[in-house]
Structure formats: structure tokens, C-alpha cells
Amino acid sequence: MSIDQGVRSGPAAELDALPPGVGLVAALERLSPAALTGEDLAAYLRGCARAQNRGAARVLDAMHHLGRAQGQGCERLAAVDEFSGDEVAAVLGWSRTMASRKLDLAEDLADRLPAVGEALWEGWLDEPKATRFCEWTRDLADDHARHVCQVVLPEAPELPVGELIRRIEQTAAALDPEWAARRARRAEKNARVILSPNPTGTATFSVCDLAAPTGLAMRDRVDALAAAVRGLGVLTPVGTVRAQVAARLLDGTTAGLTDRDVALLLAAEYHRQATDPGAEGPGDEGPADEGPTDGDPDDRGPDDSGPDDSGPDDSGPDDSGPDDSGPDDSGPEGAGPDEGPGCGEPDEGPHGDATDDDATDGDATDGDATDGDATDGDATDGDATDGDATDGDATDGDATSGEAADAPDTPGLGQGLLDLPDLPHLPPMIEGPDPRSGRVRSGTTELRLRLTTALGLDEHPAAVPGYGTVLAPDARTLLHRHQGGEWRIVLTGDDGRLQRVLLARRRPRPHRDTGPRPRGEPCTAIVELQVPTTLLAALTPDDHRTRTGDWAPLLTELRQRLGAGRDGPPVAGPDDHIRRRPRAETDRWVRVRDRHCIVPACRRPAHRAELDHTIDHAQGGPSVHANLGVVDLHHHRAKHHAHWRIRQPAPGHFTIRTRAGVHHTTRPKRILEPLPRPRPADRPRPLPPEGPHAGPDTDDVSWRQTFLRRTAGPAPSGGPTTGPTTAPDRSSADDPPPF
């Protein structure tokens, strides 16, 4: 999603046109931010940032020269050494470790990644992002590191740091998948547990270098149990609940208990503490969960939902009407052994945590193929952590969702540990499809990968929103684990832009050597398989009865459905202008289209954010794709409380006017992100060294210089497609370049 600042006039136009240097600094000195408003103030800030970036480049260049200086002349050492950091540390009053780290960055920008150094000098890249380029390519040979920068650098100015790291990881893995897999396997051999003290007297417990599927499974289980505890009326912030769940699973106090019992135990301790403040147990702060902590829709209590786009309530005709039929979901029925367990009819069911604050899609649920932690027929809200945590319009028999622990002072909740399990109404996530198993369903994970990678035709890395890059072998492991989740087939044009969203009714049959298909536990995972329409049409189903699975039934189904529907968003239904919640088909389309929160630099994944009516539903806004966008809780509150104005002049194109009067324009992102072709070496590339000198905090940089000399390769032809591609003029006496 890109940002277009538009056409400026006045001081804004003057400042944006000035390159960093003495002219820009002089123009900034003539202005006072106290006298500027709106776009002029934003341009002033951008000018200050460009000047600061040029200043950071100067500082790094000065360090690089001082660290290599010798004697009274201008001679310089060829490279920094172990004593270079002492020179910088003595001048600036830094530790040798900090000085060495900065010198490492300076030398990288001067010699190994000159395009990044050039971007910093020209002011359109800042030092934190330049540092990430160096840190996250430090294991790569020179030619691969430069190629990663060539691909990712043009995108870097508009990417937040976390997303920039993901793109660097993804591109590096695509260049040499075999090398990336070897590096991951070696790191897994060093898996370890670390306990470290914090200045506050608390402790941090870390499990390091696990395989990605194992780590994601651990996170999902903790998230699911935390959601179950919150569904029992626990108002402690969800982050604290997650920490309590993880601690109780590992400290031995819940040995022999099922997941169901663990959730009930923590809830009972919380309510006992709420009614008896002197009792021991979690929840010492009382039932307070005031406001969101980090924009996560889970991090709120029942009073945190904020204003929404609805009328007085959520009942009535808004939640009725035809279900989610449409041309995209036509085709052969998938009943039978080819379907994963719990797939149900994939045309139905909510596919996100919430719509318009804490709203859920209460029309119908899709077996187990729901987003968040919803179960069959319960239409619960995402992770079910919103106080009552569910939408009361759809309940499962007598198991009214969330009413088991409506408030701390509800009679019977504070009577002791053994009373809570006997409550007549338990949240659906606790009751479950099979209460005898005692296992709550897993938390929501979204896996995005190319269909060609799933088929084994390439080794492109996949992505797990909210986590990062996953190598192709691990992605295929997750794919097998999520057989029972909701599988979305996202069809794109040859340019990678969204064309169509289908739900797969069939799943690939696993062969014996891949292990049995997961059964017995409902799966709430979302699997997004991306493929250009032309490529899908060219695939021959019978060619993909492979060792890892029989994909022929799924490919046959998809090819049959290609000619049965139409490209583009779902057609509006007759009741979309009166219903508050969008149909499930519309919900899926909008979340796939927007990918994440539409606000610039916000990367809250779509499945953990909300759907917002651009024109509020209470003001007549319809629940159609052209009036919906993904907005996380924090920015939804900014719209209502900070008076942000959001418009959608075209579907997926948004204009945002902030409280300060600054305008931002965003447009849809490509589904298929550009990845380079693999560039394997003639022989296996060496892995980076291990041991005490392999980390970024080392004092000794000699190992790194040795590694770089051993792996150095020619720089690729060309450079970044945007930004400067030539060195600055070195003849200017008053503005010398740093690199």
C-alpha cells in the first residue's frame, strides 16, 4: 500500500522541492513550526527528517574516517579493525561496543551496501532503516546482499521497520532457498531456553531458535487458552492473560489438567481475587482493562469497544436475509473424503475478528472454517476476548456465549475454585464440539503462500501475518497442519493484482509418508493460496499427484469453477443497503483486498482488525465492498474520537485526513509481491560463523571482515529503480559526500 502526498503549494511545495543540504537547512531556519498548519507543517517535518538523515550520513562518514586514521597525515587504513572503536568511543563518550556497532554500519554503507548509504545521504532513507538493511543482510554474501537492496530499497521509505524486515527476509530466502533452509536447520540445533532478569525485578523467559511451525503452534495454543479465559469474564488485559497461561503451562502447577481445566482454573482464581482482594492469585489489579494497549482488538474490555457504525442495536433486519451465495462460490460440492475436517460449506461464516468494533458476522458459521476462535453455529467474535466476547444473536442451544461470567459480582462466581466448572453455561470455546477431549481449539493463524510453492514447483517463502517470513518447507508443514482451516484461493492477474477470491471445498489428500490428516480438533486457521489466473488454467491436475499429497481433486474443482463465475468483487445483494454486517463473501473480499489496516504505516493484519463502513451505517452507508475497509481498533477510535476523515473514492482507494489536517492517499497493494529469481552459487554458499562472535553485539569485528572477504562477489548491474543511482558530486567544498 503506497502513500501519495499529492500536489503541494506555498511552504510545502518549497520545502519538498529542496534536496538535503545547506539550502534546506536555511529554509527550515526561516520557518517556525508554531506558525505552520496542515500540509505545510507536514512538509516541515519531512524536511527536518531529510536534513537529519543527511546529518546521520555525515556522522557515520566521520566515524569511518576516524576509525581508519593514522598519524598526522590523511592516510587511512584499508578497513576498520579492533582498535577503531576505541577512537570513536573516546571522542563521543560511548562504550566500545556501541562505537564498534556504529562503525560496522558505516563500513557496510561505504563498501558493502553503497546504494543504501547513497539513499541515507540523499535523505529519503533514515538511519534506523539503513541499519536494518545492514543487520538483516549481514549473513548474506555481498552479491546477494546488494541484490536484496536493489529489490527492496525502492519500497523502503513507505514501509514501517517491521514490514521492511519481512521484505528483506522474504527476498533473501527467495534468492537461495537451499542456503536459507540450511541456515534454519543449523540454528534449530542451537535451540535453547533463556531466563534473564529485568531492571523491574521481573524475569523474561525465552525459548529460542525453534522451528517456525513449532513456535507458531505454541503461540496459537497460548492465544486460544487466553481467549477461553477471557470468555469466562476475566477482564485482565489479554497480554497479561497470555503471560499467565504460558507460565501456568510450564511451571508445573497445572500438570495433568486439560486445556479446559486450565482455563477454568485461571478464571476461578481471577473471580475469587475480585471478590476477595486478600486472596492469592492472578488479577491483583482488579477487573480493570481500560482502553486498548497496542491497537489489538483483543486488548479491550466490554467498555472499550468505542463508537461504531451501527444503530441502537445489532438485531433486526440487518442480520437477516439471504446467505452468502454468489458466483465466486459456485461449483461442485466438496462433500466426501476430499474435504478437510470441519470444512463445512465454505460460503458461510465470519472470517475476521470483528466488524465495526466488536461486531461479528452473525449470519451463519462455516463448520470449523471460521476466523478467530468461532465454533460451529456460535458466531463468536474472533478471539472472544471482548468481555462478553460473543454476539448474542446466535447462540448454540443453551450455551449462551460469554454469560458464564458476566461480571465479577455475579452470584456464584466468587465462591471458590470448584464452583466455576459446575456453571451451567460455558463459552463455546470451552464447551467445544467434543467437551470430553478437554482441548480448546487453536488460535487463529493466517498462512499466505503461492499455490506453486504448495505444489512444490518452487521454493518461494511464505508469510504469516503478525509473525513474518516462513521458509517453503515450513509453510508446507503448516499447510498440512491446517487441513481443516478455511482455504482461500486468491486469483490474481499477471501483474499480481486481485481478481477473484474462491473458497476451496476440497483438500489435497496426504500420502502415508506425510502423516495422518489432523483430526479431532477444530481448526480456525486461514490458508491463502495465491496464483495468477492464467497459471491456474495452465496446470494439469493429474500432474500433481505427488509424494507430498494428491492435489488433483482440488485443482480439478478450481478449474471447473474458473468458467462458472466472474472476476471482480462480489455482487451486492438486495439487502446489503440495510444490513449492518457484510455478507461473509464481501467480508473475505475486503480483507483479502486490503491485506492490513488501510492507515499508512499500520500493518495490523486484516484477520485481526475490523471492517469499517467508510460512510457510517447509521448514516445510510451500505455494507458493500466499495464502502468497507480494514481498520484496526486504534485507528477506528481515531476516526470517531480524533475526528479523522476517511473517504473511499474508488473501491480499495482511500483518502485520509488526520486531525492535524494532513492528507494521505492509499491504494490497494499487490497480492503477489515481487520476488527475485533464485541465484544459487556454483557451490553451496558458506553459512555465517557461529559462536560468541556471531552476534551484532560483539566487540570483535574481525570475524565479520573475514566472512565478508570469503563470500564477496561482484555487485549486480543496475541499482534501485527509484532514488539516486550515481555518487554525489565530490567537488563541492561546503557539502562533501560521506561515502
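Relative protection proxy for 219-228, 10-19, from highest mean packing down: 219-228, 10-19 (other beta-carbon atoms within 10 angstrom). Sparsely packed loop sites in the stretch 66-112 (the GluC sites (Glu not before Pro) outside DSSP H, G, I, E and B with at most 16 other Cβ atoms within 10 Å) comprise Glu75, Glu82. Convex hull volume of the Cα atoms of the stretch 606-666, normalised per residue: 85 Å³.
Label sites at Ala35 and Cys74, each approximated as a point 7 angstrom past Cα along Cα to Cβ, lie 4.2 nm apart.
Computed over neighbours whose Cβ is under 15 Å from that of Val207, the net charge equals +1, Lys and Arg +1, Asp and Glu -1. The radius of gyration of the Cα set in the stretch 38-190, together with its Dmax, comes out at 17.4, 54 angstrom. Per residue, the accessible area of the stretch 32-115 comes to 50 Å², computed with a 1.4 Å probe over protein heavy atoms only. Using a Förster distance of 25 angstrom, determine the FRET efficiency expected from the C-beta separation of Arg566 and Ala650, and round it to 0.05. For R0 = 25 Å, the calculated efficiency reads 0.85. Inter-label distance, Asp81 to Arg182: 3.2 nm, where each label sits 7 Å from its Cα along the C-beta direction.
In this structure the amide hydrogen of Asp458, modeled in the peptide plane, comes within under 5 Å of the amide hydrogens of Thr453, none closer than 5 places in sequence on its chain.
Extension gain, Ala247 to Ala90, is 52.1 nm, computed as 0.36 nm per intervening residue step minus the present C-alpha separation. The stretch 609-646 and the stretch 457-474 have Cα centres lying 31 Å from one another.
Figure the gain on full extension for Thr534 and Asp682 (residue separation times 0.36 nm, minus the Cα-Cα span) and round it to one decimal in nm.
Numbers: separation 148, 0.36 × 148 = 53.28 nm, distance 3.31 nm.
Value of the extension gain: 50.0 nm.
A Förster radius of 56 Å combined with the Cβ-Cβ distance from His65 to His643 puts the calculated FRET efficiency at roughly 0.65.
Could you provide, to the nearest whole Å², the per residue accessible area of the stretch 133-254 with probe 1.4 Å?
Ligands and nucleic acids excluded, the result is 40 Å² per residue.
What separates the Cα centres of the stretch 228-278 and the stretch 583-602 is a distance of 33 Å.
Couplings 3J(HN,Hα) for the stretch 84-89, derived from phi with the Karplus relation 6.51 cos²θ - 1.76 cosθ + 1.60 (θ = phi - 60°), are 5, x, 5, 4, 5, 4 Hz, where x marks Gly and Pro.
Which FRET efficiency value, to the nearest 0.05, is calculated for His577 and Thr556 with the Förster distance at 45 angstrom and r the Cβ-Cβ distance?
That pair, His577 with Thr556, gives E of 0.75.
The phi-based Karplus calculation (6.51 cos²θ - 1.76 cosθ + 1.60; θ = phi - 60°) puts the 3J(HN,Hα) values of the stretch 601-609 at 6, 9, 10, 4, x, 4, 6, 10, 10 Hz, whole numbers, x for Gly and Pro.
Once both labels are positioned 7 Å from their Cα atoms along Cα-to-Cβ, the gap between Arg667 and Ile194 label points is 4.3 nm.
Leu31 sits among other residues whose Cβ lies under 10 Å from its own Cβ, and their net charge, with Lys and Arg +1 and Asp and Glu -1, is -2. Surface analysis of the stretch 552-700 yields an accessible area of 42 Å² per residue, using protein heavy atoms and a 1.4 Å probe.
The values are calculated or read from the model by the stated rules, or taken from the named source; none is laboratory data. Note that this is a predicted model, so its numbers are computed, not measured. Positions of Cβ are backbone-derived with ideal geometry, glycine not excepted, and every protein chain shown enters the neighbour counts. Remember, those area values only see protein heavy atoms, side chains included, never the ligands or the DNA or RNA. Shrake-Rupley method; radii C 1.70, N 1.55, O 1.52, S 1.80 Å.
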